[in-house]
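The values are calculated or read from the model by the stated rules, or taken from the named source; none is laboratory data. Note that the coordinates shown come from a computational prediction; the quantities given were computed from them, not determined experimentally. Glycine gets a Cβ as well: all are built from the backbone with ideal geometry, and neighbour counts include every protein chain shown. Ligands, DNA and RNA are stripped out before the accessible areas are found, and what is left, the full protein with its side chains, is counted by its heavy atoms. Shrake-Rupley method; radii C 1.70, N 1.55, O 1.52, S 1.80 Å.
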Amino acid sequence: MVYFVGAGSGAPDLITVRGQRLLQRADVIIYAGSLVNPLLLEEKKPECEVYNSAKMTLEEVIQVIKGAEQKGKMTVRLHTGDPSIYGAVREQMDILEQEGIVYESCPGVSSFCGAAATLNLEYTLPEISQSVIITRMAGRTPVPEKEEIALFAAHQATMVIFLSAGMLEELSNRLLAGGYQKDTPVALVYKATWPEEETYICTVGTLNEIAKQHQITKTALVIVGEVVTHNHYQRSNLYHPDFETEFRTWK
């Protein structure tokens, strides 16, 4: 059996209880060593085999899994954040299905959730933004043309931009081209929930300068939109005394 487990955003105690229990049971752990907090490996059994997938190809990962299956061992494939976001898990799952290997997924706390918690931020403020766009810049790995940053920026929804910390000057230009103003608030969050976490509130116009000042070139999220400074939003109807719900009526 194979379990795809989300390690969480960085802090070792942000893994789910289910994920922690799976780590404790695992005979084999294949973890994304470039991004997963190594403290999580302290949960493993002494005899557990550990592999760092940062140094492996997809084919090598599958070979380890197949070897474990042949010996009746349980494998945890430990991914950073939540595996469903930029985790490259579907290609692994397809091969496992072809091989007749059973697997399950265990969700994790994504870094975009960790960053919001760090900033005490709500992504969906009434009358400001009710949608969140999770995306990234095109780099060595392209993105579909219809998902180009400027096209998304035109919606003026909250944007959370992954995997783009090394291209912030170009990112700012694309955000401006899409309709954001230079003074639109931006949060730059480096290694959300890790001990070395850093957060900076700036604007679309100053983003690249701030990143240069603090030498941030990777492992950072960019959050764009008025929700960053949480000004001028309207009170939610959810707990408004004049708003009836299924559980709170005036009859």
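Annotations for the structure displayed:
- Every residue from segment 85-114 that is closer than 26 Å to I149 by Cβ, assigned to a loop (DSSP other than H, G, I, E, B) and either of a type in the set (F, W, Y) or open to solvent by 50 Å² or more (accessible area, probe 1.4 Å) (or both): Y86, A88
- Filter result for A117 (in a helix (DSSP H, G or I), in contact with a Gly (Cβ under 9 Å, 6 or more places away or on another chain) and either surrounded by fewer than 17 Cβ atoms within 10 Å (Cβ to Cβ) or polar (S, T, N, Q) (or both)): no
To keep it simple, each residue is scored yes or no on (1) within 17 Å of E122 (Cβ to Cβ); (2) open to solvent by less than 10 Å² (accessible area, probe 1.4 Å).
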{"site": "V160", "(1), (2)": "yes, yes"}
{"site": "L176", "(1), (2)": "no, no"}
{"site": "V186", "(1), (2)": "yes, yes"}
{"site": "E197", "(1), (2)": "no, no"}
{"site": "T203", "(1), (2)": "no, no"}
{"site": "L207", "(1), (2)": "no, yes"}
{"site": "I210", "(1), (2)": "no, no"}
{"site": "H214", "(1), (2)": "no, no"}
{"site": "T229", "(1), (2)": "yes, no"}
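- Segment 1-59: number of residues that are closer than 18 Å to V89 by Cβ, of a type in the set (V, I, T) and exposed (fewer than 12 other Cβ atoms within 10 Å of the Cβ): 1
- Qualifying positions in segment 167-200 - touching a residue at least 40 places away in the same chain (Cβ under 8 Å) and either in a strand (DSSP E or B) or small (G, A, S) (or both): P185, V186, A187, V189, A192, T199
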